[in-house]
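The values are calculated or read from the model by the stated rules, or taken from the named source; none is laboratory data. Note that the structure is a prediction, hence the values are computed from the model and not measured. Here the Cβ positions follow ideal geometry from the backbone for every residue, glycine too, while neighbour counts run over all protein chains shown. Ligands, DNA and RNA are excluded from the accessible area calculation, which covers all protein heavy atoms including side chains. Shrake-Rupley method; radii C 1.70, N 1.55, O 1.52, S 1.80 Å.
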Amino acid sequence: MVRGYPVWQAVGVATLGNVLGACTTYWLGRRGAKLLERGAAAPLSESRAGRLLQRYGQPALLLSWVPLIGDALVAAAGAVRIPWLPFVFWVTVGKAVRYIAVAWGAGVLG
């Protein structure tokens, strides 16, 4: 129980909220891609997130929960126009596994 709620509900709500935030960043990446094309920022292929996506493809989005690089990875996915459904799938799996691990760790330590 997490503050009176079943753990699975807390994990589900945390995952959903985080995925919705990632969808916003993805959308911003898609819209901001035109700025990248105009040379307002470094080319996507030169960024760490861009290299991860190029090397590992969509499964690299499993790392979307990682601080700093996760947001860049999600924005890069939008910029290179990774299809939305596969994007949501990989991001949801990555973020759910993170929250399951956090809940398990809290249960073990608590």
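Can you name the condition, by its number, that ILE69 falls short on among (1) among the β-branched types (Val, Ile, Thr); (2) at pLDDT 95 or above; (3) open to solvent by less than 60 Å² (accessible area, probe 1.4 Å)?
All conditions are met except number (2).
Can you tell me which residue among VAL88, VAL102 is part of a helix (DSSP H, G or I), among the β-branched types (Val, Ile, Thr), closer than 22 Å to ARG31 by Cβ and modelled with pLDDT of 90 or more?
On the way: VAL102 fails: closer than 22 Å to ARG31 by Cβ.
The conditions single out VAL88.
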